[in-house]
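Below is one structure; the comments refer to it alone.
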Amino acid sequence: MTMLTITNLVKSFGSEAGKRAKARSGSSKKGTDAGQDAGPARVFAVNDISLEVGEGEMFTLLGPSGCGKTTTLRAVAGLERPDSGRIVVGDRPLFEGGSTRHLNVPANQRGLGMVFQSYAIWPHMTVFDNVAFPLQVRKRATRPGKREIQERVAKVLETMELGHLADRQATKLSGGQQQRLALARAVVIEPPLMLLDEPLSNLDAKLRESLRYELKRLQRDLGITSIYVTHDQIEALALSTTIAVMKEGNVLQTGRPRQVYETPNSKFVAEFIGTSNFLRGTVAGREGGNVDVDTEAGRVRLESSVNIPVGEEVIAAVRPECLEISTTRWGNRPNEWAGTVTNRAFLGDAVDHIVRVGQGSLRVRGNPATSIEPGTEVYLATDPSKVTLVPVG
């Protein structure tokens, strides 16, 4: 079942440059036509995107700052009014904008749970009162009784492992406990959809990693459909059922984490999700499902079902962890290149080697037990199935 449907959503803002241009034009003209030909340029924060989120999914909007992911989330929450499009949760339309119909359900009537980056807990209340508040302020017709509120709050606090802190002031909690309190307050209303806007970004690296798995467990156990916004690719890969990669208001690729990571559909996606080596070249030939590409590092064989003509310019992408390194030649590998180590870096759980191959350099990530000194001649190899074809643009 589809829990959230976003159709042709558009949200734009007037640029500051456009506003300044209009102001300058207005000050230099007289009469009713002042500024008419210098209206503010529109910047599209969300540019005609469509998404479907299945029931029970953890759906992540991933991208750099300014790509439109938070604007999309705020539009679903009712905190931003889109220019046009349609937003439906379950079978209930929350927003419809266009030439024929206008609908915009207020944020406080949408019944969605939201967790902000800043927690936004009430400092003058106890842990219990923070969680109970969204139930206590409901309209009388839908407000649970005192006993039900007590039971629901106690249950959620136990789920979040905060039951023993129910009477503590919210400001006396640690950062991780405050984040779980914010989650508890969103969950207690039993929303059909939970919206999470970079909820872990204010935590230190160690706590963020531990809460990442805790959040995944809670979402799975509670079965709440969730939209998660982050710019952290590791967070997205670890938490998500589905990832939508965004850039400049557009969704470039949507898919399962492994699918997006292993088969990116563009250079931007390959660069943003993890690290990639990009080998620019031209198609030299095709045999069955194998494509040969002549690159600056030599000939590369890869697997692709895309029918690209010989001579076409392409990019072959390979992840650093998909390359093998050795001081001895294998001799029977379809992708095997000779090179020289120019640099290395110990990362704790891995070692990165930078290897000069032909006219370019390749990054190789491998077992920390293997550390080769710069200046050493080495051989690199990878399987054709580990190389991805991406568009040049």
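The values are calculated or read from the model by the stated rules, or taken from the named source; none is laboratory data. The model shown is predicted, which means the values in this text are computed figures rather than measured ones. Every residue, glycine as well, gets a Cβ built from its backbone with ideal geometry; the counts of neighbours run over all protein chains shown.
Assorted remarks:
- Residue match in the range 317-330 (condition: assigned by TED's automatic domain parsing to the domain that holds residue 386 and more than 20 Å from residue 353 (Cα to Cα)): no
- When the residues of the range 320-335 are filtered to those that are within 18 Å of residue 365 (Cβ to Cβ) and either at pLDDT below 90 or in contact with a Phe, Trp or Tyr (Cβ under 8 Å, 6 or more places away or on another chain) (or both), the one that is surrounded by the most Cβ atoms within 10 Å (Cβ to Cβ) is 325.
- Test result for residue 258, closer than 30 Å to residue 183 by Cα, among the charged types (D, E, K, R) and modelled with pLDDT of 90 or more: yes
- Screening the range 334-393 for residues that are basic (Lys, Arg) and within 31 Å of the chain's Cα centre (by Cα) and picking the one that is nearest to residue 252 (Cα to Cα) gives 386.
- Here the range 201-229 is the region considered, the condition is being in contact with a helix residue (DSSP H, G or I) (Cβ under 8 Å, 6 or more places away or on another chain) and buried (at least 23 other Cβ atoms within 10 Å of the Cβ), and the residue that is nearest to residue 6 (Cα to Cα) is 227.
- Lone unmet requirement of (1) closer than 16 Å to residue 324 by Cα; (2) among the small types (Gly, Ala, Ser); (3) modelled with pLDDT of 95 or more for residue 375: (1)
- Residue tally, condition in a helix (DSSP H, G or I) and within 28 Å of residue 114 (Cβ to Cβ), over the range 222-260: 10
- Any hit, the range 145-155, residues being under 29 Å from the mean Cα position of the chain (by Cα) and in the same structural domain as residue 72 (by TED's automatic domain parsing): no
- Hey, residue 225 assigned by TED's automatic domain parsing to the domain that holds residue 109, in contact (Cβ under 8 Å) with a residue 24 or more places away in the chain, closer than 28 Å to residue 142 by Cα and not small (Gly, Ala, Ser) or not: yes
- Checking the stated criteria, residue 357 turns out not to satisfy the condition of being surrounded by 15 or more Cβ atoms within 10 Å (Cβ to Cβ), out of contact with any Phe, Trp or Tyr (no Cβ under 9 Å at 6 or more places or on another chain) and assigned by TED's automatic domain parsing to the domain that holds residue 302.
- Of 283, 291, 314, all but one fail to be more than 30 Å from residue 230 (Cβ to Cβ), part of a strand (DSSP E or B) and touching a helix residue (DSSP H, G or I) at 6+ places or on another chain (Cβ under 9 Å); the exception is 291.
- So residue 74, is it closer than 25 Å to residue 219 by Cβ, assigned to a loop (DSSP other than H, G, I, E, B), basic (Lys, Arg) and out of contact with any Lys or Arg (no Cβ under 8 Å at 6 or more places or on another chain): no
- If you check 314, 364 for being within 22 Å of residue 285 (Cα to Cα) and β-branched (Val, Ile, Thr), only one passes: 314.
- Any hit, the range 12-30, residues being modelled with pLDDT under 90, within 22 Å of residue 251 (Cα to Cα) and of a type in the set (Ser, Thr, Tyr): yes
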